[in-house]
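Engineer: There's a structure below that I have some questions on.
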Amino acid sequence: MRMPIQILPDVLVNQIAAGEVVERPAAVVKELVENAFDAGARRIEIEIEQGGLGLIRITDDGGGIGPQELALAMTRHATSKIASLEDLEQVASFGFRGEALPSILSVSRMSLVSRPAAEAHAWQVEGAGALDSPRAQPASHPPGTSVVVRDLFFNTPARRKFMKSEATEFRHIQQLVGRLALSRFAHGFRLLHNRRKLLDLPPVDDEQGREARVGEVCGEDFLRHAVFLDEHRAGLRLWGWVALPAFARTQADLQFLYVNGRAVRDKLMTHALRRAFADAMHSTHYPAYVLYLELDPARVDVNVHPQKAEVRFRDSSTVHDFLFGTVHRVLRELRPDPALNRPA
Ligand code: ADP
Ligand code: MG
């Protein structure tokens, strides 16, 4: 016996979307920090309790949202980032689907507090699963926005059960925040877990400051074993830090890759780098690097899959060869004894 066809209620539609947008606490953090980037924030504070299952609070000093738009921001397919197909084709913001806030709201107790600089005070909306009321209430907050997410998945117990331990969920958040912090040196980041401050990164704008941040995120040991490179060829630029093969890892936990400033996880790039290390590193180990590829935005599509952070290059073999060639040469030049380079 089948049920009659019916249109699903909004909360359920949002919960279904939430299954994709927010698979775990780290994904919530990612969406909210990217919203802060899109809002022109310079300083971003991330407070976490119980691995993000108890509390996620992201505070920024960006442009804010006016009281008339607060409820709208929490509505599905509502966005200030695109308005037409032309906009979509050249979108430069992280978001544009208008799905993150309503999805998160549908599976948590959430409040959105915001104050554009021109407002005399802040306003807020809140709800659990859905907004309590579309009317914003006066609140107190400096210019900028705070999003507070409590009790993630409280109303979707099957999902909640899939969460790992608080420590594991927090590790994902910490990795993500490190990844984001290395994508935006000009932004300040603070990360707290259960009231303990774990990262406090001031905005930096010079070589020394960037290197200090890499040390904070990847560890001083990484930096001590790393060389800095900066190569240009055929409109491609690759710069960043590569650890010498002696610093091999048993996990791929220190591999940070960026394309035009966005964190990516790209098979083609990872493969090229792995091959560059192949003659110097045992195949059970993973190289460590923080690398930035820059190229004409027309040569790459970064919006292939926003969640998975994949990219598509127009001339992928050129990119592969450039990455492989550059890193391979740097490593070869650094070998202590050139005789070691000769095949036996
Ligand atoms: P999207 O980012 O795809 O537009 P979201 O659901 O993440 O969708 O956000 C909806 C809208 O709320 C955004 O388009 C933006 O206008 C506003 N917004 C969300 N977060 C912030 C923030 N931290 N500061 C200012 N505006 C925000
Ligand atoms: Mg967004």
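The values are calculated or read from the model by the stated rules, or taken from the named source; none is laboratory data. As the structure is a prediction and not an experimental result, all values here were calculated from the model. We place every Cβ from the backbone using ideal geometry, glycine too, and count neighbours over all the protein chains shown.
Engineer: I'd like the full set of residues that are hydrophobic (A, V, I, L, M, F, W, C) and at pLDDT 85 or above, limited to the stretch 77-116.
Structural biologist: 78, 82, 83, 85, 100, 101, 104, 105, 107, 110, 112, 113 - these are the residues of the stretch 77-116 that are hydrophobic (A, V, I, L, M, F, W, C) and at pLDDT 85 or above.
Engineer: Which of the residues that make up the stretch 33-58 are part of a loop (DSSP other than H, G, I, E, B) and more than 15 Å from ligand 2 (Cβ to nearest atom)?
Structural biologist: Filtering the stretch 33-58 for residues part of a loop (DSSP other than H, G, I, E, B) gives 39-42, 53-54.
Matches in the stretch 33-58: 42, 53, 54.
Engineer: Then there is this: hydroxyl-bearing (Ser, Thr, Tyr), in the same structural domain as residue 195 (by TED's automatic domain parsing) and surrounded by fewer than 24 Cβ atoms within 10 Å (Cβ to Cβ): which single residue out of 103, 111 fits that description? Working first, answer last.
Structural biologist: Values: 103 fails: surrounded by fewer than 24 Cβ atoms within 10 Å (Cβ to Cβ).
Result of the check over 103, 111: 111.
Engineer: Going through 274, 299 one at a time, which residue ends up being surrounded by 14 or more Cβ atoms within 10 Å (Cβ to Cβ), under 30 Å from residue 89 (Cβ atoms) and basic (Lys, Arg)? Steps first, answer last, please.
Structural biologist: Numbers: 274 fails: under 30 Å from residue 89 (Cβ atoms).
Only one candidate passes the filter, namely 299.
Engineer: Which residue pairs have Cβ atoms closer than 9 Å, lie 6 or more positions apart in sequence or on different chains, and pair a first residue in the stretch 109-132 that is within 20 Å of residue 76 (Cβ to Cβ) with a second residue that is among the charged types (D, E, K, R) and within 15 Å of ligand 1 (Cβ to nearest atom)?
Structural biologist: Filtered contacts from the stretch 109-132: 109/126; 110/126; 111/126; 112/126; 114/69; 130/10; 132/126.
Engineer: A further question follows. Restricting attention to the stretch 163-178, and to residues there that are more than 26 Å from residue 74 (Cα to Cα) and touching a helix residue (DSSP H, G or I) at 6+ places or on another chain (Cβ under 6 Å), which single residue is surrounded by the fewest Cβ atoms within 10 Å (Cβ to Cβ)?
Structural biologist: Looking at residues that are more than 26 Å from residue 74 (Cα to Cα) and touching a helix residue (DSSP H, G or I) at 6+ places or on another chain (Cβ under 6 Å), I get 166.
Engineer: Got at least one residue in the stretch 150-162 being within 12 Å of ligand 1 (Cβ to nearest atom), surrounded by 18 or more Cβ atoms within 10 Å (Cβ to Cβ) and at pLDDT 95 or above?
Structural biologist: To start, the set of residues in the stretch 150-162 that are within 12 Å of ligand 1 (Cβ to nearest atom) comprises none.
Looking through the stretch 150-162, none of the residues is within 12 Å of ligand 1 (Cβ to nearest atom), surrounded by 18 or more Cβ atoms within 10 Å (Cβ to Cβ) and at pLDDT 95 or above.
Engineer: For residue 169, all conditions in the list (1) farther than 18 Å from residue 60 by Cβ; (2) part of a loop (DSSP other than H, G, I, E, B); (3) under 19 Å from the mean Cα position of the chain (by Cα) hold save one; what is the number of the exception?
Structural biologist: Looking at each condition in turn, residue 169 falls short on (2).
Engineer: Oh, and also: Test residue 145 against the stated conditions and say whether it is within 21 Å of the chain's Cα centre (by Cα) and surrounded by fewer than 19 Cβ atoms within 10 Å (Cβ to Cβ). Walk me through it before giving the result.
Structural biologist: Details: within 21 Å of the chain's Cα centre (by Cα): yes; surrounded by fewer than 19 Cβ atoms within 10 Å (Cβ to Cβ): no.
No, not satisfied.
Engineer: Moving on. Do we have any residue at all in the stretch 9-28 that's surrounded by 15 or more Cβ atoms within 10 Å (Cβ to Cβ), polar (S, T, N, Q) and either in a loop (DSSP other than H, G, I, E, B) or in contact with a His (Cβ under 7 Å, 6 or more places away or on another chain) (or both)?
Structural biologist: no
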